[in-house]
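Accompanying notes for the structure given below.
The values are calculated or read from the model by the stated rules, or taken from the named source; none is laboratory data. Predicted model, so just to flag it, every value in this text is computed and none were measured. As a convention, Cβ positions derive from the backbone with ideal geometry for all residues, glycine included, and neighbour counts pool all protein chains shown. What goes into the accessible areas is simple: the full protein's heavy atoms, side chains included, and nothing from ligands, DNA or RNA. Shrake-Rupley method; radii C 1.70, N 1.55, O 1.52, S 1.80 Å.
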Amino acid sequence: MREYFSARVGLAAAVDFSRWVASRAPLGSPLLMVPLYALVDDFRAQARGGSVGLIGFWSTDRVRHHARRARDDWFERVRPEACSLLDLNHLAYALTACGEPGAGLVFEAIGPYATNAPWRQVSEALGRDWEIEFRRIRKITFRKEPPGR
């Protein structure tokens, strides 16, 4: 539905729909991840238009709110091995980009299995190689939050 709204109505409608879905999602639901996917799309569109920078976009209260909800109400309530790698990669990116703690545990759950989304979408918007960005951010995160539950 998020992609439908994005294609048919516009990106703002897709973001609103994503926020609405998450607001009604029960604890432990992967639907709490939907706003993070929409935020990546929103960032790409704004970065392409030159209207937003990395820090200006990802350090907002809106991003922090959705990253915390996904971390606290989804990730921390499920077994990491039961999580989608795509969801985990989106959560790791969002947490590190907005400066919220907890990305270390998410990177630990990811292991070496990076997915190209969201890393490629965000990195390409910035003219960077996504695999290098993933390894760089994971390394920095593990220095701040060493692995080990």
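For this structure, a couple of remarks:
- Accessible surface, per residue, of segment 11-149 when the full set of protein chains is kept, probe 1.4 Å, Å²: 50 Å²
- Bins of 10 Å from zero: percent of alpha-carbon pairs in the chain: 12, 43, 37, 8, 0
- In this simple spin-label approximation, residue 128 and residue 116 carry label points 7 Å from Cα along the Cα→Cβ vector, and these lie 1.9 nm apart.
- In sequence order, segment 68-76 has phi-based couplings of 5, 4, 5, 5, 6, 9, 10, 4, 6 Hz under the Karplus curve 6.51 cos²θ - 1.76 cosθ + 1.60, θ = phi - 60°, and Gly or Pro positions carry x.
- Solvent-accessible area, 1.4 Å probe, carbon plus sulfur percent, for segment 13-134: 52 percent
- Entry for segment 97-149 at q = 0.19, 0.29 Å⁻¹: log10 I(q)/I(0) = -0.64, -1.22, Debye formula applied to identical alpha-carbon scatterers, no solvent contribution.
- Under a model in which nothing but the beta-carbon of Lys, Arg (+1) and Asp, Glu (-1) is charged, segment 93-149 shows a dipole of about 200 debye around its Cα centre.
- Once C-alpha pairs closer than 8 Å and six or more residues apart are averaged by separation and normalised to the residue number of segment 20-149, the relative contact order reads 25 percent.
- Size descriptors for segment 59-134 (Cα atoms only): Rg and Dmax, in that order, 12.0, 36 Å.
- Charged-residue dipole, Cβ positions (Lys, Arg, Asp, Glu), the chain about Cα centre, Debye nearest 20: 160 debye
- Positive dipole terminus of segment 43-149, leading residue within 137, 118, 75 (C-beta point charges): 137
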